[in-house]
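> I have a structure here, written as structure tokens, and I will follow up with some questions on it.
The values are calculated or read from the model by the stated rules, or taken from the named source; none is laboratory data. This structure is a prediction, so every number in the text was calculated from the model and none was measured. Reconstructed Cβ throughout: ideal geometry from the backbone, glycine too, with neighbour counts over all protein chains shown.
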Amino acid sequence: MNAVSELSERRLIEAAQQDPARFGELYEIHFDRVYAYISRRLGDRDAAQDVTSEVFHHALANLKHFEWRGAPFGAWLMRIASNSITDRWRRLNRESGQTTAIEPMSKDPSPEEVQYRARLFELVRSLPGDQRRVIEMRFAEGKSVREIAFALGKTEGAIKQLQFRGVQRLREEVGSKARGKTSEANA
């Protein structure tokens, strides 16, 4: 857990159990990881947003029942996410009348992959506004350069330049983090 120590997370949970309005802090800490996990499993942005919302709604509704049992709060959220994804697939199977199970897009990603995706979402959010919007529209929403240019009122050349700069900046950030970890390991 990078953003918050176990002790401070325990305090946040206890505070949220007493006052549900304090749940927002836990949401902020865990959103990226939960969303990355769900979006990887579903492969559909709208569905991932819906399921992520369901996960945090369920967690808030059941927070009074959460107890520390050797597993961190994030693991509890991931279990809720996994169950929510399974419930979604079952519901889709029932609604479509299929007798064979629809399988999620991929098997569970590794914890390292979930962490990497969460960090990538964090880095995208830190990009300057135009670059961030272009990267999100291009890669998360799957829009073409032409569609983005029309939506943002810019030329296609400007969109390509913003995309290039955004991707370059992300590469530099990811590279600098990797170099930092390598030098820490060698120390």
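> Exactly one condition in (1) modelled with pLDDT under 85; (2) in contact with a Ser or Thr (Cβ under 7 Å, 6 or more places away or on another chain) is false for residue 55; which is it?
(1) is the only condition that residue 55 fails.
> Looking at the stretch 24-35, can you tell me whether even one residue there is in contact with a Lys or Arg (Cβ under 6 Å, 6 or more places away or on another chain) and hydrophobic (A, V, I, L, M, F, W, C)?
We begin by selecting, within the stretch 24-35, every residue in contact with a Lys or Arg (Cβ under 6 Å, 6 or more places away or on another chain); these are none.
No, the stretch 24-35 contains no residue that is in contact with a Lys or Arg (Cβ under 6 Å, 6 or more places away or on another chain) and hydrophobic (A, V, I, L, M, F, W, C).
> Then there's this: For the condition over 15 Å from the mean Cα position of the chain (by Cα), aromatic (Phe, Trp, Tyr) and at pLDDT 85 or above, what is the one hit in 68, 89, 76? Write out each step before concluding.
Values: 68 fails: at pLDDT 85 or above; 89 fails: at pLDDT 85 or above.
Answer to the check: 76.
> Would you be able to tell me the number of residues in the stretch 119-135 that are assigned to a loop (DSSP other than H, G, I, E, B) and of a type in the set (A, V, I, L, M)? Steps first, answer last, please.
At the first step, the residues of the stretch 119-135 found to be assigned to a loop (DSSP other than H, G, I, E, B) are 126-128.
Now restrict to residues that are of a type in the set (A, V, I, L, M): 127.
Counting residues in the stretch 119-135 that are assigned to a loop (DSSP other than H, G, I, E, B) and of a type in the set (A, V, I, L, M) gives 1.
> Which of the residues belonging to the stretch 136-156 are part of a helix (DSSP H, G or I), modelled with pLDDT under 85 and buried (at least 16 other Cβ atoms within 10 Å of the Cβ)? Lay out the reasoning, then the answer.
To start, the set of residues in the stretch 136-156 that are part of a helix (DSSP H, G or I) comprises 136-140, 145-152, 156.
Okay, now just the ones that are also modelled with pLDDT under 85, so 136-140.
Selection gives 136, 137, 138.
> Consider the stretch 6-18. How many of its residues are modelled with pLDDT under 85 and under 13 Å from residue 74 (Cβ atoms)? If you could, list the steps in order and put the result at the bottom.
Let us first name the residues in the stretch 6-18 that are modelled with pLDDT under 85, namely 6-10.
Right, trim to under 13 Å from residue 74 (Cβ atoms) and you get 6, 9-10.
Qualifying residue count, the stretch 6-18: 3.
> Sticking with this one: Hey, can you tell me all the residues within the stretch 21-60 that are within 20 Å of residue 92 (Cα to Cα) and small (Gly, Ala, Ser)?
Across the stretch 21-60, the qualifying residues are 39, 43, 47, 48, 53.
> Hey, another quick one. Within 28 Å of residue 124 (Cα to Cα), surrounded by 18 or more Cβ atoms within 10 Å (Cβ to Cβ) and basic (Lys, Arg): does that describe residue 22?
Numbers: within 28 Å of residue 124 (Cα to Cα): yes; surrounded by 18 or more Cβ atoms within 10 Å (Cβ to Cβ): no; basic (Lys, Arg): yes.
Taking the combined requirement at face value, the residue does not satisfy it.
> Specify the residue that is modelled with the lowest pLDDT; the eligible residues are those in the stretch 36-52 that are under 19 Å from residue 75 (Cβ atoms) and polar (S, T, N, Q). Before the answer, list the steps.
Looking only at the stretch 36-52, we keep the residues that are under 19 Å from residue 75 (Cβ atoms), and these are 36-41, 51-52.
Filter once more, so that each one left must be polar (S, T, N, Q): 39, 52.
Numbers: 39: 86, 52: 92.
The residue in question is 39.
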